Structures are given as structure tokens and as C-alpha cells.
1. At 1.4 Å probe size, what's the solvent-accessible area of THR161? Round to the nearest 10 Å².
2. Under 8 Å for C-alpha pairs, at least 6 residues apart: give me the relative contact order for the chain, rounded to a whole percent.
3. Taking 1 over the mean of 1/r across every pair of different Cα atoms in the chain, what Kirkwood radius in Å do you get?
4. Could you give me the ³J(HN,Hα) list for the range 154-171, computed from phi with Karplus coefficients 6.51, -1.76, 1.60 and θ = phi - 60°, whole Hz, x at Gly and Pro?
5. Could you work out how far the C-alpha centroid of the range 19-92 sits from that of the range 154-184, in angstrom?
6. Based on DSSP, what percent of beta bridges with both residues in the range 1-91 are antiparallel, to the nearest 5?
7. Please compute the per residue accessible area over the range 71-217 with all protein chains in place, 1.4 Å probe, rounded to a whole number of Å².
8. Counting Lys and Arg as +1 and Asp and Glu as -1, each charge on the Cβ, what is the dipole of the chain about the Cα centre in debye, to the nearest 20?
Amino acid sequence: ARMKEGQEAIYYMTGPSVAAVEQSPHLEAFREKGDEVLFFTDPIDELWLRLPRELDGKRLVSVAKADLQVGSEEEKQRAEEARKESEDSLRDVLTVLRAKLQDEVKDVRLSSRLTESPACLVGEPGDLSPQMQELLRRAGQEVPKVKRILELNPTHPIVTTLRQLHATDASDPRLALYAEVLYGQAILAEGGLLPDPAAFSRRLTELMLQAGPQTGA
């Protein structure tokens, strides 16, 4: 496909399969703006993509990179202003989620790349991607745990629910359930494997039961 005129970089996404990459929440803002994204699904691609690359004078940039902003400078400025405004009202919620997920993620923050999904996982420059970690494990290498950043969509109804729950009761146990379920959903959305599928299923069941109609004694 031809790159959109004015596109400042050549964006790419890695993943276990084309189907998984196509459904990734990381692509939402790019689809909305009509930017082209290259797909790489061979684990070997990770090796050369880790080096600084350019094609036709444009940088290759991963769409799963932290702090990535899409669009013109004016659009980026508007998105950043909106993100900061949302962050002010969600500051306490983010603090709670960071505490609940401190063993799993490096940080929990708001995103401007999501338009439909509630959350996604992004990595810092130089971090090993999940695909690279799996490639090294298959080669018999011992791979240290790499924590990524959980980004939340500030406009998603689930994030609104989190704000309401915290405002009503900052110790509401459902906040912890939402944190774990959002983290698991973010892994599944990018085609990843859950570290503990049974635990995720239990958390999801608990959350659904607690969200059901309340009955009196």
C-alpha cells in the first residue's frame, strides 16, 4: 500500500500472526487518521528492527512504542492537552491501578492512541518485545521479566466506571479486579498468552458477579 502523503514516519507492528496484528488496539488511531502500518509476523524480523532503520529517508517507528503520538503537530498538541486534562481527574485512579499492578507493569497511564479499546500495553525504546522474548526462550536463553506500560483510554466507559467507583469508595475491591482484567485483556488483544489463564478467568467471573443486580437479605 502507498504511504499517506505527509506521513512523517513508516510505522510498523510486530505480532504472532497477521490476524492478531490486524485486531491490535495499537492500530486504532492509525486507522482513524488513515496512516499506513507495515506488519511483521516473523520473529526473526525483531532482530533487525531493533536497530535504527530508515527507508526512503523516513524512520521506521513501532506503533507499540511508548509516548508515540499520531497526526499533525496541531493534532498532537490537542491530544496532549486532552490527555493532561483527563489525567487530572483520573490521577487517584491511576495511583490505585499502579499499586495493584506493580508486579506486572512498569507504569499505568493514559493514552491518546486508543479510540475504541479500553487498554493496551506499550514498551519503552530498547525493551524486548513479547515476540523477541519468546524467540530467545525457544533458543534456550534465560530471559528476565520485562515490564511494560499499561495505557488506558480515558474516553472508554470502563475508565469512567473506575473513576466513579473510586469516587464512591477508594477501597472498593472491584478496582483491583478491574486492574487485573484490563491487564489480561490488553495481553489478549495483542495476540499474547496470559501468564495465568485460570486466575484471569476467576477474576473475570468475580467481576461479572459483583456487577450483577444486588439482592437484599
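1. Probe radius 1.4 Å; accessible area of THR161 about 50 Å².
2. Normalised by residue count, the contact order of the chain is 23 percent.
3. 18.7 Å
4. So the J values, rounded to whole Hz, are x, 9, 7, x, 5, 5, 4, 4, 4, 4, 5, 4, 5, 5, 7, 7, 5, 9.
5. 25 Å
6. Of all bridge pairs located within the range 1-91, approximately 20 percent are antiparallel.
7. Heavy-atom SASA per residue in the range 71-217 reads 57 Å².
8. 360 debye
The values are calculated or read from the model by the stated rules, or taken from the named source; none is laboratory data. This one's a predicted model, so the numbers in the text were calculated from it and none came from an experiment. When we count neighbours, we look across all protein chains shown, and the Cβ atoms used for this are built from the backbone with ideal geometry, even at glycine. Note: areas computed on protein heavy atoms with side chains; ligands, DNA, RNA excluded. Shrake-Rupley method; radii C 1.70, N 1.55, O 1.52, S 1.80 Å.
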